[in-house]
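Taken together, the values in this text are just the output of simple stated rules run on the coordinates, not laboratory data. No experiment lies behind these values; they were computed from the predicted model shown. Here the Cβ positions follow ideal geometry from the backbone for every residue, glycine too, while neighbour counts run over all protein chains shown.
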Amino acid sequence: MSRGILRLQQYKRLCDINAFSFRCSLGNLLCSVRCSKPQNRTFLTTTYLGKEAVREAAKDNPQVKPPEPPPKGIPYSKLTVGVPKESWQNEKRVALVPPAVEVLVKKGFTVHIEEDAGIEAKIRNADFEKSGAKIVNTESAFNSGILNKCS
């Protein structure tokens, strides 16, 4: 049994069970225990209890919620990579080439290439389409979730 659970059980013994309240913050690791003694004295203590103690308290006290699992993130299939045409004078580069587009598409990304983005680099729209990219207008390329530009 961890030290946090032992502390929690000690607090429960000191408290009138009906007046026991338990509040957690900072990822459910720093907890405040507030309770009233039979003599109507109230004490408040804040302590590090640990995850095991929080789970134990959640079983005994329905007001306490167990820690939520961390967010899982966004799957690649819902992310869009946009490649706009370079606007600097004499800029001939393009941010992604067809082999790189193929890799991103294989991983599940949706790739949007602005129309004629690779013309200065001698890469045609058809080359990008063969790689799995979708040719879009300027606005759609800039509204993508991930934007690739040459710097």
Once normalised by the length of the stretch 96-143, the mean sequence separation of its alpha carbon contacts under 8 Å that are 6 or more apart gives a contact order in percent of 43
Computed from every Cα-Cα pair in the stretch 66-151, P(r) in 5 Å bins starting at 0 and rounded to whole percents is 3, 16, 25, 23, 14, 6, 4, 3, 3, 2, 1, 0
With the label point 7 Å along the Cα-to-beta-carbon line of Tyr76 and a cut-off under 13 Å to each amide N, the hits in the stretch 93-114 are 100-111
Given a Förster distance of 35 Å, the FRET efficiency implied by the Cβ-Cβ spacing of Asn143 and Glu68, rounded to the nearest 0.05, works out to 0.65
Given unit charges at Cβ for Lys, Arg (+) and Asp, Glu (-), the dipole magnitude of the stretch 104-151 about its Cα centre in debye, nearest 20, is 320
Checking rank on 128-139, 103-114, 70-81, with mean other Cβ inside 10 Å and highest first, the result is 103-114, 128-139, 70-81
